[in-house]
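The values are calculated or read from the model by the stated rules, or taken from the named source; none is laboratory data. Just so it is clear, the structure is predicted and the values come from calculations on it, not from any experiment. We place every Cβ from the backbone using ideal geometry, glycine too, and count neighbours over all the protein chains shown.
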Amino acid sequence: MPLKGPQAEPAVDHGRNIIELERVSFSYGARTVLENADLAVHRGDYLGIVGGNGAGKTTLIKIVLGLLKPTSGLVRLFGRDIASFKDWSRIGYVPQKATNFDANFPATVLETVLMGRYGRRGLFRFPTREDKEMARLALEQVDLWPQRGRLIGDLSGGQQQRVFIARALSGGPDVLILDEPTVGVERGVAGDFYALLKRLNEELRLTVVLVTHDMDRMAHQAMHVACVDKTIFYHCSVDEYFRKTHAEAHPHEHPAAAPGAAGGGGF
Amino acid sequence: MLDLFRYGFALRGLEAGVAVALVAPLIGTFLVLRRYSLIADTLANVSLAGITLGLLLKVNPILAALATTAVASLGIEKLRLSKRVYGESSLALFCSGSLAVATILLSVGRGFNANLFNYLFGSILTVTRQDVNTILLLAAGVAGALALFYKELVFITFDEDSARVAGLPVKALNMLLIVLAAFTITLSIPIIGVLLIAALVVIPVVAALQLRRGFTATILWAEAISLFSVVAGMLASFYLNLSSGGTIVLVMLAVFLVLMPFGSSSGDLPPA
C-alpha cells in the first residue's frame, strides 16, 4: 500500500539500493557537466544533494529520472537498469516550482493532485474512486484538503509546493525526488517544508532525495549529503559534511566544534 | 424562426456548425495552454493548400485538406522536436510555405476562384449533405480520441517533465494532439472558412480562461461560449445576410470582451 504507516524496521536499509549511479558522466557537446559520479541511495534515506550553480545537480537528477541519458556509466533504479525500468509510479517527482509552473493554469488543487495518479492508472482508464481517495489522503498529508477547490495559481508559493508534494504522494511512490523545491517559496515557510519532508521520511518511510542550495536549513532534517561539483566528492552523513566544510572554511579552529551546528537528532 | 427551417441548407449548416462549435474548443484548450495557439492558423493555411489541390485534382476538397493537414502536422512536430529551428519558426515555415503552394496551384488551375471564395470565408449556403456527414464523423472521432486521452493530455499540458517521469508516452501524445488539431481545423472549413478558423479554436478558450475556473470547468465554459457564438452568429448571418464566419467570430469577440473584466488582475500572465 502506498501511504504506509510507521514501521519498526531500521530507518535506513543499507542492503537495498533505490538509486545507484556508477561512474556516470554527462556532456552537452564539448562541455562536461558530470564526470564519473557514483551515488547510492538506500531505502529510507533522506539525502540532500548540494552544490553551486552549474555544478551539475539538476543534470544528476534528470539522469536519475530518465529525462537525460548519461554519456557513459550505469544508472539503476530499484536494482534494474534504467533502460528497462518501467515502474515509474514508484518514483514521485516534485519539479522546480519556479520554472515549471504557469500560475495562470486553470487547474484546481484537487485536479492537480489527481494528475499524480495518471501514470499509474494507465491509458484509456478514467479516474476511479480509488484515485480520488488517494488524492484525498495525499492532500491531508500536506494539510491542504480544505483548499482542494481553489485554483492552484491562487495559493501561496509554499502551499503550491505542498500541492506538488501531494501530487507526487498520490501515486504511492517509494521515493520522493525534489529539485530545488524551495526556490520561489517564502523564506519563513521553507523550514516548515523541510519538516514536512522529514515527517514523510519517518512516518511513511519514504526515501527522500532533495536537490538544494539551501544547505543550512535542509541540514537539520537530512541524514546524508552528496556534494556535487562535476563529480560527487562528499557522500557522507550531515555531521561529517559540516565537520569537513567547517574545517575547510576555518582550518585554524578545532573541527569538533561543528557537529553541534548540524543539530540533527535521531541519526 | 420558421423561415430558417424551410431551407434545408440552413439546417444542414446549423447541424455542422454545432458539431464544429463543440469540438473546436476541446482541442483549443490544450493548444492555448501549451502556448501553441498559432498552430491553428498554420494548419488553416496548410488546409488551403489541400483544398486548392483537391479542386485541381477534382477530389473532395475537404478530404484533400484533411490528408494535407495531417501530414503537415506531423512534419511541424518533427521539425519542432529536431530542435534545428524554434517551435514558432517551424510554424512560420509551414504557414508561408503552404500559402505559397496554394497560390501556385491557384495560378495553375484558373477558373475555380469563385468556388474557393466559399472555402476562404465559409458559407452555410454551400455546405453539402456529404460535407455535413464528413464533419459529423470527424467531430465524433476527435471528441472520442480526446475523451480517451483526456487525463494524459491534461498532465502533459500542465507539466511535461513530470508527465514523462510518471511514464506517459509524451512524444506520442504530442503527435496525437497535433493530428487531432489538424482534423479539427479541416472539419471547420466549410462553416467558418480558412481565414477565420483559428478564432473558433482559440477565442472561446481565451474567453473561458477569464473566468479563472478549474480545468474541467474551463472546458465546459469554453464549450458553452462556443456553442452560443456559433448558433447566434449563424442565425444572425442568415437573417441579416452576412458572412457566417465573420459573424460568428465577432460574436465570440463580444463574449470575450464581456467576460474580460471578471478576470482578476492577481493572475496576470507571466512575461513570455
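Is it true that residue B:140 is within 14 Å of another protein chain (Cβ to nearest Cβ) and either surrounded by fewer than 14 Cβ atoms within 10 Å (Cβ to Cβ) or in contact with a Gly (Cβ under 8 Å, 6 or more places away or on another chain) (or both)?
Values: within 14 Å of another protein chain (Cβ to nearest Cβ): no; either surrounded by fewer than 14 Cβ atoms within 10 Å (Cβ to Cβ) or in contact with a Gly (Cβ under 8 Å, 6 or more places away or on another chain) (or both): yes.
No: the conditions fail for residue B:140.
Any idea which of B:170, B:165, B:179, B:132 is under 15 Å from the mean Cα position of the chain (by Cα) and at negative phi? Result of the check over B:170, B:165, B:179, B:132: B:179. A residue that is surrounded by fewer than 17 Cβ atoms within 10 Å (Cβ to Cβ), small (Gly, Ala, Ser) and modelled with pLDDT of 90 or more occurs nowhere in segment A:10-21. A single entry from B:180, B:116 fulfils the requirement of being more than 14 Å from chain A (Cβ to nearest Cβ) and surrounded by 21 or more Cβ atoms within 10 Å (Cβ to Cβ): B:180.
So which of B:66, B:43 ends up being at pLDDT 90 or above and within 18 Å of residue B:132 (Cα to Cα)?
Working: B:43 fails: within 18 Å of residue B:132 (Cα to Cα).
Result: B:66 is the single residue among B:66, B:43 that is at pLDDT 90 or above and within 18 Å of residue B:132 (Cα to Cα).
Considering only residues in segment A:77-98 that are surrounded by 17 or more Cβ atoms within 10 Å (Cβ to Cβ) and in a strand (DSSP E or B), the one that is farthest from the other protein chains (Cβ to nearest Cβ) turns out to be A:77. Of all residues in segment B:153-169, those being farther than 18 Å from residue B:215 by Cβ and aliphatic (A, V, I, L, M) number 1.
Test residue A:138 against the criterion of being hydrophobic (A, V, I, L, M, F, W, C) and either within 13 Å of chain B (Cβ to nearest Cβ) or surrounded by fewer than 21 Cβ atoms within 10 Å (Cβ to Cβ) (or both), and give yes or no. So residue A:138 does not fit the description; no. Residue A:103 meets all of the listed conditions (1) surrounded by fewer than 21 Cβ atoms within 10 Å (Cβ to Cβ); (2) among the hydrophobic types (A, V, I, L, M, F, W, C); (3) more than 14 Å from chain B (Cβ to nearest Cβ) but one, namely (3).
Listed here are the residues, each with its yes/no results for (1) of a type in the set (A, V, I, L, M); (2) in the same structural domain as residue A:202 (by TED's automatic domain parsing).
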{"site": "A:47", "(1), (2)": "yes, no"}
{"site": "A:51", "(1), (2)": "no, no"}
{"site": "A:54", "(1), (2)": "no, no"}
{"site": "A:57", "(1), (2)": "no, no"}
{"site": "A:63", "(1), (2)": "yes, no"}
{"site": "A:67", "(1), (2)": "yes, no"}
{"site": "A:71", "(1), (2)": "no, no"}
{"site": "A:105", "(1), (2)": "no, yes"}
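Out of B:168, B:148, B:153, B:173, one residue alone is within 14 Å of chain A (Cβ to nearest Cβ) and surrounded by fewer than 16 Cβ atoms within 10 Å (Cβ to Cβ). It is B:148.
More than 14 Å from every other protein chain (Cβ to nearest Cβ), farther than 23 Å from residue B:131 by Cβ and either free of Cβ contacts under 8 Å to residues at least 40 places away in the same chain or aliphatic (A, V, I, L, M) (or both): does that describe residue B:192? Reasoning before the result, please.
Values: more than 14 Å from every other protein chain (Cβ to nearest Cβ): yes; farther than 23 Å from residue B:131 by Cβ: no; either free of Cβ contacts under 8 Å to residues at least 40 places away in the same chain or aliphatic (A, V, I, L, M) (or both): yes.
When the stated conditions are applied, residue B:192 does not pass them.
Of the helices (runs of 4 or more DSSP H) that lie entirely inside segment B:1-61, those containing 2 or more residues that are buried (at least 23 other Cβ atoms within 10 Å of the Cβ) span B:8-33, B:38-57. Tally the residues that are surrounded by fewer than 17 Cβ atoms within 10 Å (Cβ to Cβ), facing another protein chain (nearest Cβ under 10 Å) and not in a helix (DSSP H, G or I), restricting the search to segment A:141-162. Of the residues in segment A:141-162, 2 are surrounded by fewer than 17 Cβ atoms within 10 Å (Cβ to Cβ), facing another protein chain (nearest Cβ under 10 Å) and not in a helix (DSSP H, G or I).
Per this entry, residue A:243 is not counted among residues that are buried (at least 16 other Cβ atoms within 10 Å of the Cβ) and modelled with pLDDT of 90 or more.
Condition check ((1) at pLDDT below 85; (2) under 15 Å from residue A:12 (Cβ atoms)) across all residues:
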residue: A:183; (1), (2): yes, no
residue: A:190; (1), (2): yes, no
residue: A:194; (1), (2): yes, no
residue: A:197; (1), (2): no, no
residue: A:201; (1), (2): no, yes
residue: A:209; (1), (2): no, yes
residue: A:214; (1), (2): yes, no
residue: A:231; (1), (2): yes, no
residue: A:236; (1), (2): yes, yes
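Of all the criteria given as (1) more than 14 Å from every other protein chain (Cβ to nearest Cβ); (2) surrounded by fewer than 23 Cβ atoms within 10 Å (Cβ to Cβ); (3) at pLDDT 90 or above, the one not satisfied by residue B:125 is (3). The set of residues in segment A:25-47 being within 16 Å of residue A:222 (Cα to Cα) and among the basic types (Lys, Arg) consists of A:43 alone. Every condition in (1) more than 25 Å from residue B:144 (Cα to Cα); (2) surrounded by fewer than 23 Cβ atoms within 10 Å (Cβ to Cβ); (3) touching a residue at least 40 places away in the same chain (Cβ under 8 Å); (4) within 13 Å of another protein chain (Cβ to nearest Cβ) is met by residue A:176 except one, and the failing one is (2). Restricting B:73, B:89, B:107 to residues that are surrounded by fewer than 13 Cβ atoms within 10 Å (Cβ to Cβ), under 21 Å from the mean Cα position of the chain (by Cα) and part of a helix (DSSP H, G or I) narrows the list to B:89.
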